[in-house]
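Structure, as structure tokens:
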Amino acid sequence: MSLFFQVLASGSKGNSIVVCSSKTRVLFDSGLSCKEIVRRLEKTPVNGKDLDALVISHEHQDHSRGCGVISRRFDLPVYLTRGTLENLPPQVGQLAYSQVFQTGASFTIGDLKIHPFAVSHDAGEPSAFVIEQGSIRMGICTDLGMVTQLVKIRLQQCQALVIESNHDVTRLMEGPYPLHLKQRIRSRHGHLSNEEAIELLKDLHHEGLKSVLFAHLSETNNHPDLVRRGFQKLSLCQEWEGVRFEIGKQNEVSTGIELA
């Protein structure tokens with residue numbers, strides 16, 4: 001058994017991740033246009049026509065922008081919560097068909113078992129996910145303003161993690177954003193800072209952890225070098241030597257990662 005994932009886009013302007021086994025191919029979030037997602041999929045082992053389903057974490061456009069067109073073009077089911085479905089932007093248009101799930105209730109797509117769980121974010125009913133294929137387990141957790149005990153419990157024992165590292169606090173507070181937006185980002189319903197992402201990682205570390213990808217970096221309030229400083233400190237510690245660290249990119253497809 002093996003599980004493969006590749007980040008098509010990660011950042012404030014659009015997010016999308018393809019996750020697949022040998023039998024099942026699922027797109028998690030579609031925050032780019034259908035045309036751009038199809039173009040980026042050409043740089044992965046998966047074509048648009050090969051997809052089995054879309055899973056949407058929440059309704060914000062940087063996660064949902066292309067889901068309507070993609071679902072109609074490839075006749076795909078879109079899995080999402082009731083709150084996300086009811087709050088999708090009008091420009092998303094009609095979905096080919098929707099499959100509503102509840103946070104806390106697992107569901108399957110092909111041979112992938114998906115465990116959605118609630119996160120704290122200013123959206124209708126946002127979710128993060130743990131994806132399992134046999135004994136392989138990975139987590140996708142972005143767009144959350146705080147790390148709850150539930151987040152820590154659900155992400156335990158994952159071999160791979162995609163976690164948010166949205167902003168550097170100093171860069172945010174001294175940057176050009178208006179005060180109300182700074183307060184929103186730093187709130188319990190906003191986004192995780194670099195420091196908070198590292199603290200979460202420390203709580204989740206175990207011998208089986210193989211890969212960590214830092215996601216959803218703000219182009220204005222963060223920089224890959226700032227994120228890199230955080231995980232370079234970890235990589236100097238012996239217990240982190242076997243962990244591969246990556247940073248998701250906004251404008252290009254990230255390197256694919258296979259778990260076996």
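The values are calculated or read from the model by the stated rules, or taken from the named source; none is laboratory data. The structure displayed is predicted, hence computed values, not measured ones. FYI the Cβ positions are ideal-geometry reconstructions off the backbone, even for glycines, and counts take in every protein chain you see.
Which ones in region 24-83 are surrounded by fewer than 24 Cβ atoms within 10 Å (Cβ to Cβ) and among the acidic types (Asp, Glu)?
Once the filter is applied, which keeps residues that are surrounded by fewer than 24 Cβ atoms within 10 Å (Cβ to Cβ) and among the acidic types (Asp, Glu), region 24-83 yields GLU36, GLU42, ASP50, ASP52, GLU59, ASP62, ASP75.
Can you name the residue in region 135-170 that is charged (D, E, K, R) and within 25 Å of LYS182 (Cα to Cα) and, of all such residues, is surrounded by the most Cβ atoms within 10 Å (Cβ to Cβ)?
Ranking the qualifying residues of region 135-170, first place goes to GLU164.
When you go through (1) loosely packed, with under 15 Cβ neighbours inside 10 Å; (2) closer than 14 Å to LEU161 by Cβ one by one for GLU246, which number turns out not to apply?
Result: GLU246 passes all but (1).
So which of GLY230, GLY175, GLY208 ends up being at pLDDT below 95 and either of a type in the set (Gly, Ala, Ser) or closer than 29 Å to ARG40 by Cα (or both)?
Working: GLY175 fails: at pLDDT below 95; GLY208 fails: at pLDDT below 95.
Residue meeting the stated conditions: GLY230.
If you check every pair at least six apart or on different chains, which have Cβ atoms under 7 Å apart with a residue in region 220-240 that is more than 16 Å from ASN166 (Cβ to Cβ) first and a residue that is outside any helix (DSSP H, G or I) and aromatic (Phe, Trp, Tyr) second?
Pairs that qualify, where the first residue is more than 16 Å from ASN166 (Cβ to Cβ) and the partner is outside any helix (DSSP H, G or I) and aromatic (Phe, Trp, Tyr), are SER235/PHE245.
Within 23 Å of ASP29 (Cα to Cα) and either out of contact with any helix residue (DSSP H, G or I) (no Cβ under 8 Å at 6 or more places or on another chain) or surrounded by fewer than 18 Cβ atoms within 10 Å (Cβ to Cβ) (or both) - does that describe any residue in region 230-239?
If we filter region 230-239 for residues that are within 23 Å of ASP29 (Cα to Cα), which is where we start, we get none.
No, there is no match, as no residue in region 230-239 is within 23 Å of ASP29 (Cα to Cα) and either out of contact with any helix residue (DSSP H, G or I) (no Cβ under 8 Å at 6 or more places or on another chain) or surrounded by fewer than 18 Cβ atoms within 10 Å (Cβ to Cβ) (or both).
Could you please let me know if LYS152 is within 18 Å of the chain's Cα centre (by Cα), part of a helix (DSSP H, G or I) and not β-branched (Val, Ile, Thr)? Lay out the reasoning, then the answer.
On the way: within 18 Å of the chain's Cα centre (by Cα): yes; part of a helix (DSSP H, G or I): yes; not β-branched (Val, Ile, Thr): yes.
Yes, satisfied.
Which members of region 102-134 meet the condition of being aliphatic (A, V, I, L, M) and in contact (Cβ under 8 Å) with a residue 24 or more places away in the chain?
ILE109, LEU112, ILE114, ALA118, VAL119, ALA123, ALA128, VAL130, ILE131
Can you name every residue in region 199-239 that is of a type in the set (Phe, Trp, Tyr) and farther than 18 Å from VAL151 by Cα?
If the condition is that a residue be of a type in the set (Phe, Trp, Tyr) and farther than 18 Å from VAL151 by Cα, then PHE231 is the only one that fits.
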